[in-house]
1. For Cα extents along the principal axes in Å, the choices are [x] 105, 66, 50; [y] 79, 51, 44; [z] 98, 91, 46; which was calculated from the structure?
2. What are the aspartates and glutamates whose alpha-carbon lies under 17 Å from the alpha-carbon of residue 247, with same-chain residues fewer than 8 places away excluded?
3. Quickly work out the residue 28-to-residue 156 label distance, labels modelled 7 Å from Cα along the C-beta direction, and quote it in nm with one decimal.
4. Quick check for you: with a 1.4 Å probe and neighbouring chains kept, what is the accessible area per residue of segment 70-223, in Å²?
5. For the chain, which whole percent of the accessible surface, found with a 1.4 angstrom probe, sits on carbon and sulfur atoms?
6. Hey, what's segment 348-481 come to in accessible area per residue, 1.4 Å probe, Å²?
7. Beyond a 29 Å Cα-Cα separation, which of these cross-linked pairs lie in this structure: 166/266; 377/479; 220/321; 57/470; 428/449?
8. Using the basic label-point model (7 angstrom from Cα toward the beta carbon), what is the residue 279 to residue 360 distance in nanometres?
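The values are calculated or read from the model by the stated rules, or taken from the named source; none is laboratory data. It should be emphasised that the depicted structure is a prediction, and the values quoted were computed from it without experimental measurement. Glycine also receives a Cβ, built like all others from the backbone with ideal geometry; neighbour counts cover every protein chain displayed. Just the protein is used for accessible areas: all its heavy atoms, side chains included, with ligands, DNA and RNA removed. Shrake-Rupley method; radii C 1.70, N 1.55, O 1.52, S 1.80 Å.
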Amino acid sequence: MTQNKFAFALISFLILSFSTGSAQEKKSFPKNEFRAVWIATVANIDWPKSSTDPIEKQKADYIEILDNYKALNYNAVIVQIRTAGDAFYPTQLAPWSKYLTGKQGEATDGNIDLLAWMITQTHLRGFEFHAWMNPYRATMDLNTAQLSRQHDYYRHPEWMIKYAGKWYYNPALPEVQKHLVAVVDEVVEKYDIDAIHFDDYFYPYKVTGENFNDTASFRKYGDGMSIDDFRRNNVNDFVEAVSHTIKNAKPWVQFGISPFGVWRNKSVDPRGSDTQSGQTNYDDLFADPMAWMENCWIDYLVPQLYWSMEHRTASYSKLIKWWAENTTNVALYIGNGSYKINTDSDKRWFNPKEIPNQIDLTRSYPNINGNAFFSAKVFINKNKAVTQLLADSQYKYPALPYVVPNSRKIVLDVPSVCERLAVADTTKYVLEFPTHSKIRYVLIYAAKKGERIDTNDASQIVDKIAFTEKEFYITIAIKNTSSEPQSTYAASFIDFYGNESLPTILNPVLLPLLNQSLYNEK
């Protein structure tokens, strides 16, 4: 370690307090908390607003979503990039989505890779980008004439099962699993994403009077299992294969799943929740989150608790307690149904405090580390009474996402200032390039005159600056404020796993305690 690095590290230990997400005490303004929003592209729910909009309009609308949620201090977006056998990016494995270009299989103008642009813009604003895929749903209806000839319905009709007005991939077929794993692998390898995300659609929700006709594959591959165990085993095999594929390609990329909010009802299984849900993960969707957690195949779980706090048959309050008591080995977040605000038959959703109260209840459980909200359009110039409550209270200050359990590491690199240059109302700092860690952001803290830097204090977080340099040095610029001209600033690194380094004071108030010459070394 150079004298310069040693000096800054010493200052850090002298005047800063440090924290880790796992040890942090729950409080009103937590420094670490997952705050995500789903951006649904299917049927143009959230984005693009219209599939026929020019790319520049689509870009502007995407930026509007990011900027609105950055103002609310969110830190992750879950963006749907595969809705039904299609893709929001150029690939030979699926046709372009009609929800992006207006016609399935028709490329964007100039074959532009809009997904790569979206990821860059997301990171520039300090968000994680979770790439959301629907693996098993092949179509949204039976109008196959509108499908591209490159869709798997035409390429591999033997993979398809018709059910409830849609076509689905048959989860039992090894070739289907291989293909869908390849879809995931391509995205992980090609794009700088933070996570792969699946939602609640595994085997389709049951429809009375219809049968999901996988009889032939059950006879061929059932191996003595019951049909229910056979289907659950197919899903488990796929989840395990996806997990291994992601981690073999990029160990820092997370794998998260957002299952339906009820695992099983207590009336069916004493281990289940005190609910009366008409369908459940285990018995109807053949998805078993308990197995995924037990085998450490996923990094995080976001059960969709899209009910009000005191819902009669599936209350948020009861279900959040059940998930808190039954989750192991993974990060647990809660999915909230913000789309119901002022629209649902349950009148509790007309109370603007319903979502803030749900967040407060979430924070009362030590092992629940945040929330995700469906969907993005709900807080874009809408429901301002709710957003104002969030801005004034629960989400008043920024927060960093928790590091998922299997990704907690020590960041060896610490910011080291090589040069400081004041220009007009901005101070530029040149930092040494990190050599031991893969860095995603530089995190900036500020303390007002007379205060210490406290890295546990969310109110002192100024910004996450995306790390864009490739070598040599990092340059960051901090705009000086006339109201607090003598603020103290500090910087830390955030790596690709989400871990934070020790911080370094940028304009040390204890400078006279150390040799001035140390700070002038290059």
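1. [y]
2. Partners within reach: 185, 186, 189, 192, 194, 237, 299, 495.
3. The two pseudo-label positions are separated by 5.5 nm.
4. Accessible area per residue: 39 Å².
5. Its accessible area is 50 percent carbon and sulfur atoms.
6. For segment 348-481, the per-residue accessible area is 49 Å².
7. Distance filter (> 29 Å) returns 166/266; 377/479; 220/321; 57/470.
8. Once both label points are built, they end up 3.4 nm from each other.
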